[in-house]
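Quick notes on the structure that follows.
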Amino acid sequence: FKVIGVPDLPRMEPDLGRGEIAGEGYNRAFKVPTLRNVALTAPYMHNGIFKTLEEVIDFYTDGGGVGRGLDVPNIDDKIREFTLSDKEKQDLIAFLHALTDESNEQEIPESVPSGLPVVPHLPNQSPEMEAYEARPVERRITDVTREGKRILISPGQSIQAGIDAAAAKDTVVVMPGVYHEALTVDVSGITLLGMDDNGQRPILDGRGQLSDGLIGSGSDFEIRNFAVKNFTANGLMLNGAVNVTFRDIHCENPGLYGVYPVECIDVLVEGCSVTGASDAGIYVGQSKDIVVRNNRAYGNVCGIEIENSVNAVVQNNETYDNAGGILVFLLPNNPSKVSRNCRVVNNRVINNNHENFGDPTAIVSRVPPGTGILILAADEVEVAENEIRGNQSFGVAVLGLDLVFGSETTYDVDPIPEQCWIHDNELVNNGTQPEGIIKELGFAGKDLLWDLSGYSNSWDQPDATSLPTWLPGKDWSDFTRRANWRVWQVLMKIAG
């Protein structure tokens with residue numbers, strides 16, 4: 001469930017859902033209506049605080065509860081302030097009303113067997129209804145050139161027109177040039193291919209005005225050989241798709257995320273470069289069966305992030321000059337409740353000492369500059385044969401959620417990392433000048449850092465500096481692991 005920070009009604013007791021009955025935070029969640037006929041559910045949110053869809057949209061563009069000044073536990077850090085033009089807002093409201101269809105409304109009987117009064121049809125309470133009458137929309141005939149299964153787009157034409165004309169197994173071929181568009185892909189089985197002409201390729205440029213370079217849900221989808229730059233939200237974002245490929249993409253100043261598949265299965269991110277992302281350059285979240293290889297991420301808050309995902313391989317990438325090089329996270333309040341079986345191998349994680357310029361309300365803003373590889377509460381993560389050099393806070397850290405959120409926090413995930421294995425990495429000159437939370441907690445910078453969360457984790461790095469000094473190896477017995485863990489727990493308490 002998501003904690004979004006809906007304000008309470010003025011002068012009314014807070015509506016806590018089933019929380020007061022069951023006493024568990026998860027049961028405080030409210031049922032979210034489907035988009036179909038959502039316009040008929042006014043007033044909106046669980047307590048009816050918003051009278052119109054416009055007020056709902058304003059709530060989200062303001063950044064949700066955080067934007068309204070609410071400070072509540074576990075609030076979703078991905079709800080951030082953003083901008084919509086008046087036309088974009090009105091188009092969104094019109095779209096939501098277009099999903100409204102009362103033609104199949106059930107007939108209300110005149111009487112019921114119980115003899116109780118019949119509840120009459122309730123008129124819709126939305127004052128917007130009359131302004132958004134459904135009107136037939138004529139499908140535009142797009143000006144595109146088709147050659148068999150290829151749709152050709154040249155400068156001056158619309159890439160979106162090519163996508164709209166495409167069917168499964170079509171390739172939309174885009175010639176080099178600058179295209180000021182925000183693309184939407186909702187058809188499966190297509191390829192977006194940028195053509196190369198003497199090193200020039202098509203550029204998708206949001207000019208600092210458009211929100212996302214591409215959003216979509218199409219499966220069996222590949223986008224290849226594009227430059228994506230200057231968007232306010234994200235570069236390339238796919239949600240809920242299967243078999244998706246991002247190949248040979250360059251993202252520059254993409255907004256929060258550069259390459260951004262979420263809730264996807266069978267993901268390949270290959271040969272891409274990302275810089276200037278205010279969260280993660282390459283982010284794969286709540287997904288399964290992932291390969292991220294041969295990419296370059298630099299000048300971002302985080303280079304590569306795998307979050308709440310299963311079966312990931314992060315291989316042969318180069319991350320440098322980020323605040324954090326590679327993150328493998330398990331965070332609360334997400335659709336996926338696990339982060340397991342991620343292999344981080346043969347990467348170069350070099351000099352990730354950039355200032356953290358992330359949104360202060362986001363979890364990633366807590367990543368200290370000088371972070372090499374950070375495992376946060378994830379299980380079964382293997383970090384092997386990487387070059388990890390010059391990261392001033394630490395080389396590799398294995399931490400639990402309590403260090404970030406506080407020990408009094410209630411989670412809907414397991415906050416402890418388990419069965420992670422760090423071995424055979426080249427660790428040089430890390431931890432020389434710790435920053436952020438590492439410095440605040442008084443930890444010395446080291447190649448390897450462990451906050452004692454999860455006694456089943458293993459390290460085989462005999463020449464590395466570490467905190468604590470003795471870290472369990474893969475061949476340690478369960479008894480020895482537990483004994484070592486307890487000794488360090490006692491010593492930490494004595495040290496304060």
Any idea which of (1) modelled with pLDDT of 95 or more; (2) at positive phi is the one Val174 doesn't satisfy? (2)
Here are some residues: Leu331, Leu399. Which one is closer than 26 Å to Leu268 by Cα and aliphatic (A, V, I, L, M)? Leu331
Any residue that is at pLDDT below 80, surrounded by 11 or more Cβ atoms within 10 Å (Cβ to Cβ) and more than 19 Å from Gly5 (Cβ to Cβ) - is there at least one of those in region 100-109? yes
If Leu471 satisfies all but one of (1) free of Cβ contacts under 8 Å to residues at least 60 places away in the same chain; (2) assigned to a helix (DSSP H, G or I), what's the number of the condition it fails? (2)
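Matching residues to (1) assigned to a strand (DSSP E or B); (2) closer than 20 Å to Leu236 by Cα; (3) among the polar types (S, T, N, Q); (4) touching an Asp or Glu at 6+ places or on another chain (Cβ under 8 Å):
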{"residue": "Arg146", "(1), (2), (3), (4)": "yes, no, no, no"}
{"residue": "Pro155", "(1), (2), (3), (4)": "no, no, no, no"}
{"residue": "Thr184", "(1), (2), (3), (4)": "yes, yes, yes, no"}
{"residue": "Leu192", "(1), (2), (3), (4)": "yes, yes, no, yes"}
Only residues that are in a loop (DSSP other than H, G, I, E, B) and either surrounded by 18 or more Cβ atoms within 10 Å (Cβ to Cβ) or at pLDDT below 95 (or both): list them for region 157-166, please. Gln157, Ala166
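Just for region 62-99: of the residues that are basic (Lys, Arg) and at pLDDT below 80, which one is surrounded by the fewest Cβ atoms within 10 Å (Cβ to Cβ)? First the steps, then the outcome.
Filtering region 62-99 down to residues basic (Lys, Arg) leaves 68, 78, 80, 87, 89.
Now drop any that are not at pLDDT below 80, which leaves 78, 80.
Numbers: Lys78: 19, Arg80: 21.
Once the filter is applied, the top-ranked residue is Lys78.
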Contact list, first residue from region 62-76 and of a type in the set (S, T, N, Q), second anywhere and crowded, with 17+ Cβ neighbours inside 10 Å, beta-carbon distance below 9 Å, six or more apart or interchain, is Asn74/Val3; Asn74/Gly25; Asn74/Pro332; Asn74/Asn333; Asn74/Phe405; Asn74/Tyr411
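Which residue, of Pro417, Pro434, is in contact with a Pro (Cβ under 9 Å, 6 or more places away or on another chain), touching a residue at least 40 places away in the same chain (Cβ under 8 Å) and either assigned to a loop (DSSP other than H, G, I, E, B) or in the same structural domain as Glu387 (by TED's automatic domain parsing) (or both)? I'd like the intermediate steps shown before the answer.
Working: Pro417 fails: in contact with a Pro (Cβ under 9 Å, 6 or more places away or on another chain).
From the options Pro417, Pro434, the qualifying one is Pro434.
The values are calculated or read from the model by the stated rules, or taken from the named source; none is laboratory data. Owing to the predicted nature of the structure, the values given are computational and were not obtained by experimental measurement. Cβ: placed from backbone, ideal geometry, glycine included. Neighbour counts: every protein chain shown.
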